[in-house]
Every structure is written in structure tokens, then in C-alpha cells.
Amino acid sequence: MTSHTPAVPPGVSGGGTPAVPPGAPQEAPPVLAEVVRSGFTEGHHRGTLVLLAADGSVEFALGDPGAPVFPRSSNKPMQAAAVLRAGLDLAGERLALAAASHSGEGFHVDLVRKMLAEHGLGVGDLRTPPDLPLDQVEAETFLAAGGTRERVVMNCSGKHAAMLAACVLNGWPTDTYLEPDHPLQRLVHTVVEEVSGERVAATGTDGCGAPLMAISLTGLARSFRHFVLAAPGTAERRVADAMRAHPEYVAGTRRSDTWLMRGVPGALSKMGAEAVQAVALADGRALAFKIDDGGIRALGPVLARALELLGVTAEVRERIGRAPLLGGGVEVGAVRAVF
């Protein structure tokens, strides 16, 4: 990985200046990626992106990164920090799994079961919706073996196991641990506001049923920067260190977050549903983006291009950024970033 200050791409506002003045009619977000099949552009993915310099200032922005979004699972490091602040003693793979959108591989599910059992809990205490493994290869293997949708297999089960364990430790109700006014969720709310430097703009319900706090993409990037630069021993730094040491527990063996944290020393990376992505590098540079239509297929190419602007090596970028289009089983095009 090399370090340099990226040039501001065409159409990008530098220094964090919004492209649209406050109070003006909102325009469609800019195109971040195009879909090219057989040399013909058949579609586009619009979105918003922000890049922070090492000092935390906005280096450049595409669209309006000050507008609130739901970070989806990119907020899991904050939720994991909250369970540590609640007194739960997690470390290593267990803490990484508490911040995970895991693939549902055997080692993920086995550790979730152990985490529950260690606190007198069982899979019946989880309030995650029954689901199949997130990873397509793992899902096919799971179904071929006669598996059916289970709560413990759902990609957020590690986070929920940690939340339940924190409730047991503090004597908090476990049957209502997903209610926004539950003591644990109020603590999550506090952590989100502290590390993002923003007030939560809205609260909704995530796909797993947990409360979801809206912040801006700038706030999300700032949060990840906070985690990598936090003092050793703090809840935020403990989460970042666990995720970076055990990225396969954060994602899986075939996932881009794993590849990035393995390939770029000190990088912290977490994607979320609806094509949200946040990354921080060891020196405090950070990025966050969201594809407006939620098109996950555009996430890799956009992430690879953003990492290029950060000076990340081509080897890592190429593995993350491939998004081929097939025709008759043969590669005939790709989704590619255009900024």
C-alpha cells in the first residue's frame, strides 16, 4: 500500500462542499458505476461517496455525503463496542463475530452456539429471522445437506448472541433486547452519536430486527476512522483489533471484507446491505459510500476505485473489484466504476 493524496476526480466536490446548496431541490446522485454488456452500456448505478484525509477532513465527495443514510451492517462495529461498554468481556474470534455479517459457514455457526451456551442461552433466545447462509456457495451446500432456514444461520446471529450475553450479564430483559428503548439499544445509540460526531437523524429497524440509526456517510467514515485511531484498550480499539485479526469471522472465506483486511495491514472494513461500505486505513484515512439502488454488484468495482484513490495496491483492488457479466456462461462484460 502506498500513501498519497488523491486527485479530485471530475464532477467531485472537494473539501466536503456539497454539490447542492442547502435548501435547493435535490438532484439524483451521480453515477458511480456503469453496466457494460458486449460493449453496450445497459445500465448505471448512482450513489454517494466520501473520502476522508488522514486528519479527518473531507478530501473529496461524490454527491451529498452529509445526508443521512441507514448504514445497515456497516454499523456493527458500533454495536459491538456497545456490548463491550456494557461490560461483556469478549475478545478474539468472539468479538469479531459480534461485529459480523457472517457467511453462515460451519465455524461461524459453531461459535455462535458456543457464545450462547457460555451465558446460559440457546438458539431459541435469538430474535434473528430464520435464514439461509449469506454466502451462495455455503447456502447451496447447506441446502444439499437437507438444511432449512434457521435463526442461528442468519448472518447477524453473532451480533445478537453478543447482545443477549450483555443482557444476561447486566440483568436486562432478554425478550425485549431489540426494542429501541432497551438499555442496551440506548447504549448503542450513544456510541453511534459519539463516534460519528453527529446526532442520529432517524431510527428504523434493520433486516435482523435490531434498531438501526441513521447518520451521514461522512459520519460513518468518521466512525471507522475513530475505531482505528482509538487508544489501545478502549472498546472501539478492541473491536477494530479483533476484526482486523480475525476478518474471516467478520465476513467469510469468500468475502471482500476478509480479502481487504487480510491484504491491507491495518485496514478496517465492513459492508452493509443496500450496498453500503465503510473502510478506514491504519493512518486514519477513511471512506464510506452507498449505492443508491442497493445494487450489491456495483459495490466491488466502486470500492476498488475508491481504494485506488487511497493508494491501495492493485493486487487487492483487482480481487475485490471484479464484477463480470456473463452471456451463455462466458464473460461478456462487467460492472465498472466511472469516477
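Any read-out appearing in this document is the output of simple, stated calculations on the displayed coordinates, not a laboratory observation. Note that the structure is predicted; figures quoted are calculated from it, not measured. Here the Cβ positions follow ideal geometry from the backbone for every residue, glycine too, while neighbour counts run over all protein chains shown.
Computed over neighbours whose Cβ is under 12 Å from that of Thr174, the net charge equals -2, Lys and Arg +1, Asp and Glu -1. Computed from label points 7 Å out along Cα-Cβ, the spacing between Arg113 and Thr253 is 1.8 nm. The charge dipole of the stretch 135-246, taken about its Cα centre with unit charges on the Cβ of Lys, Arg, Asp and Glu (plus for the first two, minus for the last two), comes to roughly 320 debye. Computed from backbone phi with θ = phi - 60° and the Karplus coefficients 6.51, -1.76 and 1.60, the 3J(HN,Hα) list for the stretch 248-259 is 5, 7, 6, 10, x, 6, 10, 10, 5, 4, 5, 4 Hz; x is used for glycine and proline.
Give the Rg/Rh ratio for the stretch 140-271, taking Rg as the radius of gyration of the Cα atoms and Rh as the Kirkwood radius, to two decimals.
Here Rg/Rh amounts to 0.99.
Distance between the modelled labels on Ala28 and Arg262, one decimal in nanometres: 3.8 nm (7 Å Cα→Cβ projection).
The distance between label points at Thr205 and Arg186 comes to 2.2 nm (points 7 Å beyond Cα on the Cα→Cβ vector).
Compared with the alpha-carbon gap, the fully stretched path from Asp175 to Ala54 is longer by 39.3 nm at 0.36 nm per residue.
Centre-to-centre separation between the Cα atoms of the stretch 80-109 and those of the stretch 248-266: 15 Å. Listed by chain and number, the aspartates and glutamates whose C-alpha is less than 15 Å from the C-alpha of Lys114, apart from same-chain residues fewer than 8 away, are Asp89, Glu93, Glu105, Asp125.
Could you work out how much longer the chain between Leu325 and Glu140 gets when fully extended? Use 0.36 nm per residue separation minus the Cα distance between them, nm to one decimal.
Difference between extended and current length: 64.5 nm.
Remark on the chain: Cys167 stand apart, with no other cysteine beta carbon under 4.7 Å.
Short-range pairs are left out: with C-alpha atoms under 8 Å and at least six residues apart, the relative contact order of the chain is 24 percent.
Each of Pro133, Thr218, Val153 was placed along the dipole of the chain (beta-carbon charges, centred on the mean Cα), and the one lying farthest toward the positive end is Thr218. Extension gain, Asp293-Thr234: 0.36 nm per intervening residue step, less the Cα-Cα distance, totals 17.6 nm. Each residue of the stretch 40-55 was assigned a 3J(HN,Hα) from its phi angle through the Karplus expression (A = 6.51, B = -1.76, C = 1.60, θ = phi - 60°), giving 10, 7, 9, x, 9, 10, 8, x, 10, 9, 9, 10, 9, 6, 4, 7 Hz with x at Gly and Pro. Basic side chains Lys and Arg get +1 at the Cβ, acidic Asp and Glu get -1 at the Cβ, and with that the dipole of the stretch 174-223 about its Cα centre reaches some 200 debye. Residues whose amide H falls under 5 Å from that of Val332, counting only those 5 or more places apart or on a different chain, are Leu325, Leu326, Gly327, with hydrogens built in the peptide plane. The dipole here belongs to the chain: it is taken about the Cα centre, uses +1 on the Cβ of Lys and Arg and -1 on the Cβ of Asp and Glu, and is about 300 debye.
When Cα extents along the principal axes in Å is calculated for this entry, the matching label among [x] 67, 53, 39; [y] 65, 47, 37; [z] 56, 47, 39 is [z].
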